[in-house]
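Just below is one structure, and these are the notes that go with it.
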Amino acid sequence: MESLSGALWLLGGAVAVVGFIWVLGVAFSESVVWGVACMLIPIAPFLLLLSRPREAWKPSTLYLVGIGLIALASALAPIHR
């Protein structure tokens with residue numbers, strides 16, 4: 001089970017990074033302020049999704065899928081005491 005959770009963690013991390021970089025691309029194409037806000041304020045990518053849903057739904061979905069895979073991997077990981 002450790003190898004499965006490790007593989008899911010790596011896959012989720014890679015997917016989340018790609019999604020976040022894509023979100024940053026959308027944010028910086030909107031304005032520099034959006035780009036900097038998305039880099040510095042954790043809730044800003046989700047606010048970008050609310051303000052520009054047509055442009056930001058694909059990268060935001062990819063980012064959330066990556067975070068979900070990381071959460072699943074963490075839930076499947078054995079607990080060492």
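Worth a mention:
- Here S60 fits the description: hydroxyl-bearing (S, T, Y), buried (at least 16 other Cβ atoms within 10 Å of the Cβ) and either on the phi < 0 side of the Ramachandran plot or part of a helix (DSSP H, G or I) (or both).
- Residues located in the stretch 25-64, provided they are in contact with a helix residue (DSSP H, G or I) (Cβ under 6 Å, 6 or more places away or on another chain) and within 28 Å of S5 (Cα to Cα): P45, P59, S60, L62, Y63
- Some residue of the stretch 33-56 being surrounded by 14 or more Cβ atoms within 10 Å (Cβ to Cβ) and part of a loop (DSSP other than H, G, I, E, B): yes
- Per the listing A14, A27, the residue uniquely surrounded by fewer than 19 Cβ atoms within 10 Å (Cβ to Cβ) and at pLDDT 95 or above is A14.
- Within the stretch 1-32, the residues that satisfy the criterion of being among the hydroxyl-bearing types (S, T, Y) and either part of a helix (DSSP H, G or I) or in contact with a strand residue (DSSP E or B) (Cβ under 7 Å, 6 or more places away or on another chain) (or both) are S3, S5, S29.
The values are calculated or read from the model by the stated rules, or taken from the named source; none is laboratory data. Computed from a predicted structure; not experimentally measured. Glycine also receives a Cβ, built like all others from the backbone with ideal geometry; neighbour counts cover every protein chain displayed.
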